[in-house]
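Q: One structure, pasted below without further comment.
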């Protein structure tokens, strides 16, 4: 049961819960649990029973999946304020398809999935809001698939940088996770990722200091071919 006022406030403000009537929200919070993870600690493993979903309060966690050939693939990095594993409420999946590990010390709220699904069945308007959110995340996944099928490794890295830069004209990119995890997400080796970044630096397209990248020539970067 959640008792901390700040945790309750964070849960209440999240779009999955902000439209619940007070009585129903109290039911959810009574069944919710606060979890703290140390860095590298696992929250759940691929194949575990999927009976709960989560809201990340602070810290950072990663979702990974082991492929058939045994390779570990980064699926997503979760940031504070984001929920994850709620899509399983609708797929009927009984087991988590990914493993969740903390990238740094993290605090989360764990929510009873079965109970929440029952509430949704009684609140169709909330269901529509949730479907809208899932639709946005689906489009994000499609963008990631486009990146992974963009051709050679250089094009994958360039596409990733352009996506991170966004459409607001901001030339600054901060890599919020280690480069090895980004390389995993792009389906390339960490050494390859670093090598391509150095080629882009030598070409005068980007400047880099640790995890901070500044795009120097956006049009040329977008049209870069090795």
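Q: So for the pair residue 152, residue 79, with labels modelled 7 Å out along Cα→Cβ, what separation do we get in nm?
A: The two pseudo-label positions are separated by 3.2 nm.
Q: Given a Förster radius of 45 Å and the C-beta distance between residue 212 and residue 9 as r, what FRET efficiency does 1/(1 + (r/R0)^6) yield to the nearest 0.05?
A: So the FRET efficiency works out to roughly 0.90.
Q: Then there is this: Mind checking which of 41, 86, 76 has the largest fluctuation in a GNM of the chain, springs on alpha carbons under 10 Å?
A: Maximum among the listed residues: 41.
Q: For the Cα atoms of the chain, what angle does the longest principal axis make with the long axis of helix 124-148, in degrees from 0 to 90, nearest 10?
A: Long axis of 124-148 versus the principal axis of the chain: about 20 degrees.
Q: If r is the Cβ-Cβ distance from residue 94 to residue 163 and R0 is 30 Å, what FRET efficiency results, to the nearest 0.05?
A: That gives a FRET efficiency of 0.35.
Q: Let me ask you something else. In the P(r) worked out for region 1-41, what percent of Cα pairs fall beyond 17 Å?
A: I get 32 percent for the Cα pairs in region 1-41 exceeding 17 Å.
Q: Out of these labelled values of percent of Cα pairs over 22 Å apart, (i) 63; (ii) 54; (iii) 58, which was calculated from the coordinates shown here?
A: Label of the calculated value: (iii).
Q: Evaluate region 153-222: find the radius of gyration of its Cα atoms, find its Kirkwood radius, and give the ratio Rg to Rh.
A: Result for region 153-222 is an Rg/Rh of 0.92.
Q: Between the alpha-carbon centers of region 195-226 and region 40-62, tell me the distance in whole angstrom.
A: That distance is 34 Å.
Q: Would you kindly work out the equivalent ellipsoid of region 5-139 from its C-alpha gyration tensor and give its semi-axes, the square roots of five times the eigenvalues, largest first in whole Å?
A: Semi-axes (√(5λ), whole Å): 25, 18, 13.
Q: Let me ask another. Can you compute the FRET efficiency between residue 118 and residue 69 using 1/(1 + (r/R0)^6), with r the Cβ-Cβ distance and R0 = 41 Å? Round to the nearest 0.05.
A: 0.55
Q: Per residue of the chain, what 222 nm ellipticity follows from adding -39500 (n - 2.57) for every DSSP H run with n ≥ 4, rounded to the nearest 500?
A: Result for the chain, helices only: -12500 deg cm²/dmol.
Readers should treat all values here as calculations from the given coordinates under stated rules, not as data from a laboratory. The structure presented is a predicted model; accordingly, all values stated were derived computationally and were not measured. Here Cβ is always computed from backbone atoms with ideal geometry, including for glycine, and neighbour counts include all displayed protein chains.
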